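Since the structure comes first, as structure tokens, the remarks are kept for the end.
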Amino acid sequence: MSITTQRLIQWKQQGRSIVALTAWDYAIAQLLDHAGVDLILVGDSMSVVLGYETTLPLTLEEVLHHAKAVRRGVSRALIVVDLPFLTYQESITQAMHSAGRVLKETGAQAVKLEGGYPAMVEIIARLVQAGIPVMGHVGLTPQSVHQLGLRQQGRTEADAERILQEAIALEQAGVFSIVLEHIPAELALHITQKLSIPTIGIGAGKDCDGQILVTSDVLGLSAKQPPFAKVYTNLRQTITKAVEEYGMEVREGKFPES
């Protein structure tokens with residue numbers, strides 16, 4: 001049975017943790033879905049896979065292309081797609097157009113937008129009113145890297161209160177869930193207890209309603225992982241060794257055997 005946004009909310013009420021990971025192609029999406037991942041984010045973290053240094057250069061067309069591939073590999077998980085930088089911040093009309101393209105062209109069930117400041121809350125409210133499911137994202141927001149850096153957010157009392165109020169405003173605007181990225185665990189717990197919608201943590205402690213990591217970090221494919229990631233296997237090493245062995249056999253005439 002396919003997972004819906006309403007089921008995630010029910011799971012929060014039941015105390016059932018939500019498992020989320022990112023995907024960027026058919027093969028990885030299919031593996032994650034078969035492994036029982038609940039939510040697959042076609043995140044702008046794919047910028048690393050495409051060779052960008054930050055998420056900022058990523059375009060809507062690139063996201064649409066990858067989201068279509070992910071959709072083809074998934075039959076159960078809820079698919080959420082990040083709207084790239086400057087494809088939704090300019091106006092409600094722009095956001096509606098970008099989000100509408102994602103749902104219409106990819107078959108994904110929801111979009112994710114970063115930020116909880118008043119203008120963003122208004123944009124999200126209008127998207128929700130139009131029938132577009134939206135996931136929020138507060139704390140460290142990678143599209144604001146040049147403004148916020150990559151350091152942990154919410155460490156001062158004032159910043160913690162601002163993030164809390166942003167999360168509350170996003171829930172009131174109608175988001176079905178909120179990503180809490182790289183904030184103190186105590187703040188994440190406080191937000192999680194305040195909201196009736198699920199929180200999905202990444203570098204936000206163990207008390208969120210669910211957890212998400214970038215799949216390339218989990219699989220050991222990234223050259224550098226953030227401090228809050230956990231590497232469960234080292235595919236970077238495994239793939240390198242396999243390719244080196246293949247290359248050696250080709251050069252020595254051992255492959256193919258005949």
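Among the residues making up segment 123-177, those that are under 17 Å from the mean Cα position of the chain (by Cα), over 27 Å from residue 104 (Cα atoms) and at pLDDT below 95 are 140, 144, 145, 150. Scanning segment 21-31 for residues that are surrounded by fewer than 24 Cβ atoms within 10 Å (Cβ to Cβ) and either among the small types (Gly, Ala, Ser) or in a helix (DSSP H, G or I) (or both) gives 26, 27, 28, 30, 31. Would you mention how many residues in segment 186-228 are assigned to a strand (DSSP E or B) and of a type outside the set (A, V, I, L, M, F, W, C)? Within segment 186-228, residues that are assigned to a strand (DSSP E or B) and of a type outside the set (A, V, I, L, M, F, W, C) number 4. Candidates are the residues of segment 142-170 that are in contact with a Ser or Thr (Cβ under 7 Å, 6 or more places away or on another chain) and surrounded by 19 or more Cβ atoms within 10 Å (Cβ to Cβ); the one that is nearest to residue 87 (Cα to Cα) is 143.
Matching residues to (1) surrounded by fewer than 22 Cβ atoms within 10 Å (Cβ to Cβ); (2) at pLDDT 95 or above:
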residue: 50; (1), (2): yes, no
residue: 53; (1), (2): yes, no
residue: 58; (1), (2): no, yes
residue: 79; (1), (2): no, yes
residue: 86; (1), (2): yes, yes
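Here's the yes/no breakdown for (1) among the charged types (D, E, K, R); (2) over 16 Å from residue 179 (Cβ atoms); (3) modelled with pLDDT of 95 or more:
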{"site": "5", "(1), (2), (3)": "no, no, yes"}
{"site": "9", "(1), (2), (3)": "no, no, yes"}
{"site": "13", "(1), (2), (3)": "no, yes, yes"}
{"site": "17", "(1), (2), (3)": "no, no, yes"}
{"site": "24", "(1), (2), (3)": "no, yes, yes"}
{"site": "28", "(1), (2), (3)": "no, yes, yes"}
{"site": "32", "(1), (2), (3)": "no, yes, yes"}
{"site": "35", "(1), (2), (3)": "no, yes, yes"}
{"site": "38", "(1), (2), (3)": "yes, no, yes"}
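If you filter segment 102-141 down to residues that are of a type in the set (Asp, Glu) and within 13 Å of residue 88 (Cα to Cα), you find that the one that is surrounded by the most Cβ atoms within 10 Å (Cβ to Cβ) is 114.
Looking at segment 57-67, is at least one residue touching an Asp or Glu at 6+ places or on another chain (Cβ under 9 Å) and more than 21 Å from residue 217 (Cα to Cα)? Break it down stepwise before answering.
First pass over segment 57-67, keeping only residues touching an Asp or Glu at 6+ places or on another chain (Cβ under 9 Å): 58, 63-64, 66-67.
Cutting the leftovers down to more than 21 Å from residue 217 (Cα to Cα) gives us 64.
Looking for residues that are touching an Asp or Glu at 6+ places or on another chain (Cβ under 9 Å) and more than 21 Å from residue 217 (Cα to Cα), one finds at least one in segment 57-67, hence yes.
With a requirement of 1 or more residues that are more than 22 Å from residue 195 (Cβ to Cβ), out of contact with any Cys (no Cβ under 8 Å at 6 or more places or on another chain) and not basic (Lys, Arg), the strands (runs of 3 or more DSSP E) lying completely within segment 39-153 that satisfy it span 39-42, 78-82.
So which of 229, 223, 242, 185 is without any contact (Cβ under 8 Å) to a residue 60 or more places away in the chain, surrounded by fewer than 19 Cβ atoms within 10 Å (Cβ to Cβ) and under 16 Å from the mean Cα position of the chain (by Cα)? Lay out the reasoning, then the answer.
Values: 223 fails: under 16 Å from the mean Cα position of the chain (by Cα); 242 fails: under 16 Å from the mean Cα position of the chain (by Cα); 185 fails: under 16 Å from the mean Cα position of the chain (by Cα).
Matching residue, one of 229, 223, 242, 185: 229.
Output the residue which, of all residues in segment 32-48 that are in contact with a Leu (Cβ under 7 Å, 6 or more places away or on another chain) and more than 20 Å from residue 113 (Cβ to Cβ), is surrounded by the fewest Cβ atoms within 10 Å (Cβ to Cβ). The extreme case among them is 38. Does residue 175 count as over 23 Å from residue 3 (Cα atoms), among the β-branched types (Val, Ile, Thr) and outside any helix (DSSP H, G or I)? When the stated conditions are applied, residue 175 does not pass them.
The values are calculated or read from the model by the stated rules, or taken from the named source; none is laboratory data. Since we're looking at a predicted model, the values are computed, not measured. Please note: Cβ atoms are built from the backbone with ideal geometry, for glycine as well, and neighbour counts cover all protein chains shown.
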